[in-house]
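Any read-out appearing in this document is the output of simple, stated calculations on the displayed coordinates, not a laboratory observation. Here the structure is a predicted model, which means the values were calculated and not measured. Virtual Cβ from ideal backbone geometry, glycine too; neighbours counted across all protein chains shown.
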Amino acid sequence: MEMESELFNTITEHLMLNEKPSDYLNWLSNLESFKQWPFSMLGRLKDTEQSKIHHPEGNVWNHTMLVLDEAAAVREKSSDSKAFMWAALLHDIGKPDTTRIKGEKITAYNHDSVGAGLAKEFLESVTSEQDFIVKVCMLVKYHMHMLYILKDLPFSDKKGLISSVDMNDIALLGYCDRLGRKDADRNKVMEEYGRFYSILKNMEKKYRK
């Protein structure tokens, strides 16, 4: 675990300090050390394709790197920048196990809940910081709720969301996730973020009475 923890700490430094953490992660992803477990769990993202309609940037790794750089731009606004940045890196770690391809249709249903479990497995192999692990895993678990709630989809767990994550942090993560696409409409995403955050604050009043 010593070697894995050392690499985890190095990645953390770049996540916390770099303007574009993707530069370092893209370089690191080609090294032998990144091909060893648990980092190989991230390496699998390069081999996981996504819908060209929703993700014209290509595979899950490409998307994750875009999300990571967007997260770096707003990490100081989060309540815990370390947990926030690791959640951005791990948010789609569940896609390799859940992606299904039928013709030209590509789906990854439940990748958020599956990803929460995989994020826990990943992090427990590199750190003993339990509070940090829980924060990251809950952000991963609920990172799709911006879409679920704005589109009034039946997959949302509003009570679980309110009790498990910081409202500001999950809204920021949803914002970065939506921007992590090639040619994303920044004005539209900002409008979605504003609506989502407003809904979250009203939900918080309702469920925390």
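Taking the three principal axes of the alpha carbon atoms in the chain, the coordinate ranges are 48, 42, 29 Å, sorted in descending order. For the peptides 56-68, 153-165, the ranking by packing is 56-68, 153-165, with the highest mean count of neighbouring Cβ atoms within 10 Å listed first. Once the chain from Gln36 to Ser163 is taken as fully extended at 0.36 nm per residue, the excess over their C-alpha distance is 42.2 nm.
Rounded to 0.05, the FRET efficiency of the Tyr207 and Lys102 pair, given R0 = 25 Å and the Cβ-Cβ distance, is 0.10.
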